[in-house]
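The values are calculated or read from the model by the stated rules, or taken from the named source; none is laboratory data. Given the structure is predicted, the values throughout are model-derived calculations rather than measurements. Please note: Cβ atoms are built from the backbone with ideal geometry, for glycine as well, and neighbour counts cover all protein chains shown. Ligands, DNA and RNA are excluded from the accessible area calculation, which covers all protein heavy atoms including side chains. Shrake-Rupley method; radii C 1.70, N 1.55, O 1.52, S 1.80 Å.
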Amino acid sequence: MIVLLAMVIDFHQKIDNETESYMYRFLLLLFLLGATLHAQVKNITGRVIDAKERNPISFVPIVVKTSPPTEPPQVVMTDLDGKFQLQAKEGDMLEIAFMGYEKKNKKKEGKTKKKHFKIVLEEESVGTVCYGPMSILFYTSLERRKEEETFTYPQQSIGGQELTEVKQMNFLNSLEGRIAGVLLQRDALEIRGGNKVRYIVDGVPIDNPSDLNPEDIRSLTVLSGTQAAAIYGASVANGVVLIRTKKSISKKLNVNFSSSAELLKPLSSEDIYRTGYVYQNAVSFSGGQNFKKGAKNRIYASLASLESTSIVPNDSYNRYNSYLHNATSLLNDKLNIDLSANYIHQYERTPSGYHNQYTEMKDRYMFLAKANYAVGRGLSFTGHFRMDNNLITAHSTYKQQYADIILGYHKKILPKFNLETHLGALYDESNTQAAFAITEVDWQSKVLLTLSGRTEKYLNHIYDNNKLLFTPSVSIAMLLHQFLDMNERTLGYAKLRAGYTPITDPYDWQSERSMCYEIGLDTKWLFDCLSAGVTFYRNQINKQGVELVLGYISEKPNPYPKTPGFYWETQLVAATYPHTQLGWRGKMNYNDFDLNFLFKTRSGKKVCLQEAALTYHFKGKFEMKGLNDLSMSLIATYDVDSPKYTSLPLVRSYGLSVRMQF
C-alpha cells in the first residue's frame with residue numbers, strides 16, 4: 001500500500017493544471033479513507049462446536065455488537081456444519097447465546113491477524129433449561145442432543161422448572177395435563193393407555209424414579225409409542241420417559257435454596273378427616289476447577305427433605321434425599337467421566353385396621369458411572385454402569401445392576417448425505433441381555449430416515465430363556481418448508497413424519513406381531529410464535545388414537561433479553577385414547593411478577609385448576625452480597641385423585657414457596 005501511495009503522490013506532482021490538482025487531491029483523500037476503512041472492517045469466519053461431544057452446532061445466532069451500537073445489530077446464523085461468516089472491525093464484540101449453553105463473547109482485536117474463530121460452547125450451569133413449545137434443542141434417546149427438526153418420531157419435553165414451580169410429592173404427577181397422552185393412574189404413569197413404560201435417568205434405565213428429588217431434575221422428555229421399543233425393548237411398548245439430572249458446568253460457585261410449606265384441606269364436612277401439611281426444603285451447591293492442559297472437574301451436590309401428613313389420621317410420609325455428581329474432563333474434552341451417588345431414606349406410616357398402623361422404612365443406594373471417549377473423525381465410545389440397592393424395613397432387599405457399551409459414528413458420506421449410527425450391547429441383571437443399533441441418514445436436511453432395531457434375550461422368561469426377540473422400527477420425516485418457498489411471517493416450519501414398528505409381547509411369544517404405526521405433522525407459524533402438532537397412531541392392541549399439541553408465545557424467540565412489559569406463553573394438549581384428555585397450561589409475566597397455571601380434565605371429570613403459582617422476583621429491591629435472585633410464590637393445588645385411597649374426598653392445598661440463588 002506504501003508503494004501505491006508513493007506512485008499516486010508522484011503522479012499528482014506532475015499535474016500542472018490547478019483544477020486537476022484539486023481533483024486528484026480529492027481522489028487521494030478518498031483513497032486514504034478507503035484504505036483506513038479497509039484496514040478496520042474484516043471478513044470473519046468461524047465454527048461453533050459442542051465442548052463435550054465436539055460436534056458442530058447449527059442455527060446458533062452470532063450477534064455483532066458495535067460501539068456505538070447499530071440498530072438493528074448484525075446477526076448471522078451458523079449453518080448445518082456449525083460454520084458462519086460475517087464482517088467486523090476492531091473493537092467489535094461477537095456474542096454467542098444459544099439455548100442450553102453458556103453465553104460466550106469474542107472480541108475482534110485490532111492487532112491480531114486472526115480471521116477464523118473456533119468457538120467452543122459449554123452446556124449451561126445448573127440453572128434450569130426451559131423446554132417450551134418454541135425450544136430448539138432436545139435430548140433424545142441415547143442422550144443425543146439434537147435439533148427439533150431432525151426428529152423422525154414424536155416427543156414432548158418440559159424443563160425442571162415446571163416440576164418445581166409447584167412441587168408435587170411425586171413429580172410424575174406434574175406430567176398429566178402437560179404431555180399429551182400421559183395419565184397418572186393410582187401412582188402409576190400410563191402413556192397411550194398402557195403402563196409398559198421405562199424410565200431412563202442420565203442414559204440408564206431405573207425402576208421407580210418417583211422418589212428422586214425434583215430439584216435435581218434438569219429436563220424430562222417423553223417418547224410416546226412403540227418406536228422407543230426398538231431401542232429400549234419390547235417391554236416398553238407404550239413409551240419411554242427420559243430424565244436428565246442437573247450437574248455443574250461452570251467453575252463458579254453457585255448455591256440454590258428453596259423452601260415451601262402447604263396446608264391440605266379436605267373438601268368434606270366429615271369429622272374423620274383432618275388438615276394435612278407438606279414441608280419441603282432443598283439446597284444445592286455447584287462449582288469446579290480448571291487445570292492445566294484443558295482438564296476440568298465439576299461437582300454438584302444437593303440435600304432435600306420432604307415431611308408430610310395426609311388428611312387421614314395416622315397417615316404420614318417423609319423422604320430425605322442426598323445427591324452427589326462429579327464430572328471430569330480430560331485430554332481437551334476428548335475423555336469425559338461422570339460419577340454420581342444417590343441416597344434416599346423414606347419413612348411411611350399408614351393406618352391398618354382400627355387404632356392400628358403400619359410403618360415401613362426404605363433405604364435406597366444408587367451409584368452411576370459413565371465414560372465417553374471421542375476417538376476422532378466422528379468415532380466415539382460410551383459406557384454406563386449402574387448399581388441400585390433397595391433395603392425395605394431391614395429385612396427385604398432388592399438389588400439391580402446394569403451395564404452397557406455404545407459405539408457412535410457420524411460422517412458426511414456424500415456431498416448431500418449425512419450418516420449417524422450407534423451400535424450397543426447391554427446387560428441388565430434383573431432380566432435382559434440385548435444388542436441394539438440405530439442409524440440415521442440425512443439428505444440436505446430435507447429428508448431424514450431413521451432405522452433402529454433391538455435383539456434381546458429375557459433371562460427369566462417363563463417359557464424359554466434361550467429365545468431371542470427382535471424388534472425393528474423405521475421412521476421418516478420430510479421438512480416441507482425446505483421444499484416450499486414460504487414466507488416466515490405465515491408458515492415458517494412444517495414437518496411431515498411417519499413411523500412403523502412391528503412388535504411382539506415379550507411375555508407371550510406365541511402371539512402374533514402387532515403392526516403399530518403413526519403419522520404426524522408439526523408446524524410453526526407467525527415467525528414461530530404459533531406452533532401446532534398432531535399425531536395419529538395405532539398401538540399394539542389395535543386401538544387408534546389422536547394427540548394434539550398447540551402452543552403460542554407472545555414474541556419471537558431471539559438472542560436479546562426481553563424488554564420489560566407483558567409477556568405470555570401458553571400450550572394446549574389433547575388426546576383421545578384411552579380417555580378424552582385436555583390440558584391447558586400458561587405462563588404470564590409482567591415486570592417482576594410471574595403467573596403459572598395448569599388446568600386439566602379427562603372423560604367423566606370436571607375441568608379443574610390443577611396447580612397455580614403467583615411469583616414475585618425481588619430483583620434489585622435490596623442489596624445482599626452474592627445474592628443473584630430471590631423470589632417468593634403463592635402456590636395452590638387441586639388434587640383430583642388419591643394414589644393410595646379410592647374413596648377420599650378432593651383435596652385443596654395452599655402454601656408459600658421461597659427461592660434464593662447465590
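Of the solvent-accessible surface of segment 294-343, computed with a 1.4 Å probe and all protein chains present, 67% belongs to carbon and sulfur. With a/c under 1.5 counting as rounded, go ahead and sort segment 466-527 into rounded, prolate or oblate using the C-alpha gyration tensor (a ≥ b ≥ c being the square roots of the eigenvalues; past the cut-off, prolate if a/b is larger than b/c, else oblate). Cα axes put segment 466-527 in the prolate bin. Every pair of different Cα atoms in segment 294-367 enters the Kirkwood calculation, which places the hydrodynamic radius at 15.1 Å.
A cut-off of 5 Å between modelled amide H atoms, ignoring neighbours fewer than 5 places along the same chain, links Asn431 with no other residue.
A simple charge model with +1 on the Cβ of Lys and Arg, -1 on the Cβ of Asp and Glu and nothing else charged puts the dipole of segment 264-342 at about 680 debye relative to its Cα centre. A Cβ-based charge dipole, computed about the Cα centre of segment 243-400 with Lys and Arg at +1 and Asp and Glu at -1, lands at about 1340 debye. The H on the amide N of Lys412, modeled in the peptide plane, is under 5 Å from the matching H of Leu419, each at least 5 residues off or on a different chain.
Available extension along the chain between Gln444 and Asn431 is 0.5 nm, counting 0.36 nm per residue and deducting the alpha carbon span. Computed 3J(HN,Hα) for segment 583-594, one whole-Hz value per residue from the Karplus formula 6.51 cos²θ - 1.76 cosθ + 1.60 where θ = phi - 60°, is x, 9, 10, x, 9, 10, 9, 9, 6, 9, 9, 10, glycine and proline marked x. Label separation (Leu407 vs Leu609): 5.8 nm, computed from points 7 Å beyond Cα along the C-beta direction. Qualifying trypsin sites (Lys or Arg not before Pro) in segment 578-607, where qualification requires a DSSP coil assignment and no more than 16 other C-beta atoms within 10 Å, comprise Lys605, Lys606. When a/c reaches 1.5 or more, the comparison of a/b and b/c decides; with that in mind, is segment 226-336 rounded, prolate or oblate per its Cα gyration tensor? Cα axes put segment 226-336 in the oblate bin. Taking each residue as 0.36 nm, the span from Leu550 to Ala371 lengthens on full extension beyond its C-alpha to C-alpha distance by 60.6 nm. Under a 5 Å amide H cut-off, with hydrogens placed 1.01 Å from N, Cys608 pairs with Lys600 among residues at least 5 apart or on other chains.
Using θ = phi - 60° in the Karplus curve 6.51 cos²θ - 1.76 cosθ + 1.60, the 3J(HN,Hα) couplings for segment 230-235 round to 6, 10, 9, x, 5, 6 Hz; x is entered for Gly and Pro. Roughly how far apart, in whole Å, are the Cα centres of segment 526-545 and segment 146-202? Cα centroid of segment 526-545 versus Cα centroid of segment 146-202: 16 Å apart. Put a plus charge on the Cβ of each Lys and Arg, a minus charge on the Cβ of each Asp and Glu, and nothing anywhere else: the dipole of segment 140-232 about its Cα centre is then about 300 debye.
Going through segment 300-404, which GluC sites (Glu not before Pro) have at most 16 other Cβ atoms within 10 Å and a DSSP loop state? Answer by residue number: there is no such site. Where the centroid of each part is defined by its Cα atoms, how far is segment 266-282 from segment 589-607 in Å? Segment 266-282 and segment 589-607 have Cα centres spaced 22 Å from each other.
Rolling a 1.4 angstrom probe over the protein heavy atoms with all chains in place gives segment 352-470 an accessible area of 57 Å² per residue. Mind scanning Lys246/Lys606; Lys42/Lys104; Lys252/Lys619; Lys196/Lys467; Lys196/Lys362 and naming the pairs with a C-alpha gap bigger than 27 Å? Violating the 27 Å Cα-Cα cut-off are Lys246/Lys606.
Seen from Pro266, the other residues with C-beta closer than 9 Å to its C-beta sum to a net charge of +2, counting Lys and Arg as +1 and Asp and Glu as -1. FRET efficiency for the Asp271 to Leu496 pair, using the beta carbon distance and R₀ = 60 Å, is estimated at 0.50. Subtracting the Cα-Cα distance of Glu360 and Phe662 from 0.36 nm times their residue separation leaves 105.0 nm of extension gain.
Between Phe527 and Phe593, the simple label model (points 7 Å from Cα in the Cβ direction) yields a spacing of 2.6 nm.
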